[in-house]
Amino acid sequence: YIPTWKKPICIARHAYGDVYKNTEMRVEAGSKAELCVTKPDGTEERSTIFDFKTDGVIQGMHNLDKSISSFARSCFNYALDQKLDVWFATKDTISKTYDHRFKDIFAEIFENEYKEKFDAAGIEYFYTLILSTSTPLSTTLLRALSAAKAAICGLARTMTATL
């Protein structure tokens, strides 16, 4: 409950990939975890995740551009239908490839397909950084949003807010 909000919030959640279709393993001390992608031509690209000095866990996640694009269009279409601004946030300073891909896809689709429609409807698309993953967008951002129009769209790690 946020007493300064005068309108209800709207939450959208992208529920493909990420932790929903992940792979997890327990790892013994002395193990090396790597991310390996086998390309169509059979070559492999590898990146070390971590060299475990003690026991631990690893998790592999994925997502598809097609699914992220569908989610972006869904958010933009809903915003146009309801005449709501869209606030989109990721933690792309930490997840420089995974979360940044969401940011890039949303920006490209907005610029190419929705910018003129949003301008005509008098609504905006706004990208911001998630300040903390311990709360929906963070206490700081929620305080800033409390004075604004109202709606937040989120997904597990990559959140979208419609205000």
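The values are calculated or read from the model by the stated rules, or taken from the named source; none is laboratory data. Just so it is clear, the model here is predicted, and its values are computed rather than measured. In this analysis, Cβ positions are derived from the backbone assuming ideal geometry, glycine residues included, and neighbour counts consider all displayed protein chains. Keep in mind that these areas ignore ligands, DNA and RNA; they rest on the heavy atoms of the full protein, side chains included. Shrake-Rupley method; radii C 1.70, N 1.55, O 1.52, S 1.80 Å.
At a probe radius of 1.4 angstrom, the accessible area of region 54-103 per residue rounds to 54 square angstrom. Gyration tensor over the Cα atoms of region 29-127: the corresponding equivalent ellipsoid has semi-axes (square roots of 5 times the eigenvalues, largest first) of 38, 16, 10 Å.
Only lysines eight or more places from LYS32 in sequence, or on another chain, were considered; those with a Cα closer than 25 Å are LYS21, LYS53, LYS96.
Every pair of different Cα atoms in region 16-81 enters the Kirkwood calculation, which places the hydrodynamic radius at 14.6 Å. Counting Lys and Arg as +1 and Asp and Glu as -1 over every other residue whose Cβ lies under 9 Å from the Cβ of PHE118, the net charge comes to -2. Heavy-atom accessible area, probed at 1.4 angstrom with all protein chains present, ranks LYS32, LYS103, LYS96, LYS6 as LYS6, LYS96, LYS32, LYS103, highest first.
Summing Lys, Arg as +1 and Asp, Glu as -1, what charge do residues with Cβ under 13 Å from the Cβ of ILE105 carry, ILE105 excluded? Within the 13 Å Cβ shell, the charges total -3. As a calculated quantity, the FRET efficiency between ASP51 and THR97 at R0 = 30 Å, using C-beta atoms, amounts to about 0.90.
In loop segments of region 1-95 as defined by DSSP, the GluC sites (Glu not before Pro) with at most 15 further C-beta atoms inside 10 Å of their C-beta are GLU28. Taking Cβ atoms as reference points and 13 Å as the exclusive limit, the residues near ILE49 contribute a net charge of -1, counting Lys and Arg as +1 and Asp and Glu as -1.
The chymotrypsin sites (Phe, Trp or Tyr not before Pro) found in region 1-74 that occupy coil by DSSP, while having at most 10 further C-beta atoms within 10 Å, are TYR1. Using a 1.4 angstrom probe on heavy atoms only, work out the carbon and sulfur share of the accessible area of region 1-86 in %. In region 1-86, the share of accessible area belonging to carbon and sulfur is 53 percent.
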